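Colleague: Take a look at this one; I'll ask things after.
The values are calculated or read from the model by the stated rules, or taken from the named source; none is laboratory data. Here the structure is a predicted model, which means the values were calculated and not measured. Cβ placement follows ideal geometry from the backbone for every residue including glycine, while neighbour counts extend to all protein chains displayed. For the accessible areas, the whole protein counts, side chains as well, though only heavy atoms, and no ligand, DNA or RNA atoms are used. Shrake-Rupley method; radii C 1.70, N 1.55, O 1.52, S 1.80 Å.
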Amino acid sequence: MSVFDRHASNRHASNRHESMRSGLLAAMLCALAACGSDAGSETRQAVAGTAAPSSAAGTTAAASARNDRDGAYSEARPGDAGVTGTQLLSHPDDLQVVMLGYRLRGLAPPLAQWAEGQQAVRRANEFERATVLQGERERLQSIYDGTADVGRLRLNVNSQFSEYDGSRGGYYLTAFSPGSVFTFSAQPVPGAREQVRVQVDNEEELNFWPLDAVAAQDVLREAGGTRSVTLDSSFRITGVSQRSDGTTITVRLQRYAIVADRYRNPVVLGERMFDEEGSRR
């Protein structure tokens, strides 16, 4: 499911542009190979108060990352509140982010209560119920375990790029406008909905993509005429707070690759990088 020098210089030679994009493509293909099932995850729309639906790929990733305790179940325990983790949570689904919100606040989610409220448990007969309940407890525990030591997020963000701005020299992206928020909403049990907002706290402009006219035409041609792209975005978690409408996790955008999907073949069109203070690298 991520600051610049606003007056960054444009690239002045086509061969330099081609070299850069070739390197980015190689890096992107490597990243796609590394994230495995994450490559097929749904993208999230970076607009205030809404998010595109996510797939189950994040849950699968969390399950594979859980601590192996020989199948033993233990109720989640509160951790130390605060943001000190170093691990990456890649393309999480809504329930994973809800679990992460609990962990960052130093609270234990009510996993036993959630497990008992699952439809599979409620439908099970008296002979199977204990086994099904244990399975649900372990499933939820594995998702919570996957949030341990998390301090970074990786999200795919839906975006489009504008017509070329010749006066400034570049495209505008519709994502990462000021106040960008991702909303994750899960219903662990019927009637109990939990919501977490992931808020981008970079203060500088994030959505301008500087290119000279020649490079911009190459990008449009390579994108196959479409202006719809995915921003493969990386964030560092900077804080967490509890508000009346739920938990808010603040993040700082560190980078994004601008990726076009041409007939299910991802093509990296460009990349933006940011340092910890929010200036362009």
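Colleague: Determine whether segment 196-211 contains at least one residue that is touching an Asp or Glu at 6+ places or on another chain (Cβ under 8 Å) and more than 28 Å from residue 85 (Cβ to Cβ).
Modeller: Checked against the condition, which is being touching an Asp or Glu at 6+ places or on another chain (Cβ under 8 Å) and more than 28 Å from residue 85 (Cβ to Cβ), segment 196-211 yields no hits at all.
Colleague: Among the residues of segment 149-163, write down those that are in contact with a strand residue (DSSP E or B) (Cβ under 6 Å, 6 or more places away or on another chain) and either farther than 20 Å from residue 249 by Cα or open to solvent by 10 Å² or more (accessible area, probe 1.4 Å) (or both).
Modeller: Answer for segment 149-163, where residues must be in contact with a strand residue (DSSP E or B) (Cβ under 6 Å, 6 or more places away or on another chain) and either farther than 20 Å from residue 249 by Cα or open to solvent by 10 Å² or more (accessible area, probe 1.4 Å) (or both): 149, 152, 154, 156, 158, 159, 160, 161, 162.
Colleague: Still on this structure: Among the candidates 92, 78, single out the residue that is on the phi < 0 side of the Ramachandran plot, part of a loop (DSSP other than H, G, I, E, B) and modelled with pLDDT of 95 or more.
Modeller: 92
Colleague: Can you pull out every residue in segment 168-185 that is open to solvent by 10 Å² or more (accessible area, probe 1.4 Å) and either aromatic (Phe, Trp, Tyr) or over 18 Å from residue 220 (Cβ atoms) (or both)?
Modeller: Scanning segment 168-185 gives 172, 177, 178, 179, 183, 185.
Colleague: Further, regarding this structure: In segment 142-173, which residues are farther than 17 Å from residue 105 by Cβ, of a type in the set (S, T, N, Q) and touching a helix residue (DSSP H, G or I) at 6+ places or on another chain (Cβ under 6 Å)?
Modeller: 142
Colleague: Which one of these is among the aliphatic types (A, V, I, L, M) and in contact with a helix residue (DSSP H, G or I) (Cβ under 9 Å, 6 or more places away or on another chain): 124, 130? Can you show your working first?
Modeller: Working: 130 fails: in contact with a helix residue (DSSP H, G or I) (Cβ under 9 Å, 6 or more places away or on another chain).
Testing whether each residue is among the aliphatic types (A, V, I, L, M) and in contact with a helix residue (DSSP H, G or I) (Cβ under 9 Å, 6 or more places away or on another chain) leaves just 124.
Colleague: Could you please give the count of residues in segment 230-262 that are farther than 28 Å from residue 195 by Cα and surrounded by fewer than 19 Cβ atoms within 10 Å (Cβ to Cβ)?
Modeller: Number of matching residues: 2.
Colleague: Working only within segment 209-229, note down all residues that are in a strand (DSSP E or B) and surrounded by fewer than 20 Cβ atoms within 10 Å (Cβ to Cβ).
Modeller: 228
Colleague: Then there is this: Is it true that some residue in segment 269-277 is over 30 Å from residue 100 (Cβ atoms) and either outside any loop (DSSP other than H, G, I, E, B) or in contact with a Pro (Cβ under 7 Å, 6 or more places away or on another chain) (or both)?
Modeller: Restricting attention to segment 269-277, the residues satisfying the condition of being over 30 Å from residue 100 (Cβ atoms) are 269.
Restricting the remaining residues to those that are either outside any loop (DSSP other than H, G, I, E, B) or in contact with a Pro (Cβ under 7 Å, 6 or more places away or on another chain) (or both) gives 269.
There is at least one residue in segment 269-277 that is over 30 Å from residue 100 (Cβ atoms) and either outside any loop (DSSP other than H, G, I, E, B) or in contact with a Pro (Cβ under 7 Å, 6 or more places away or on another chain) (or both).
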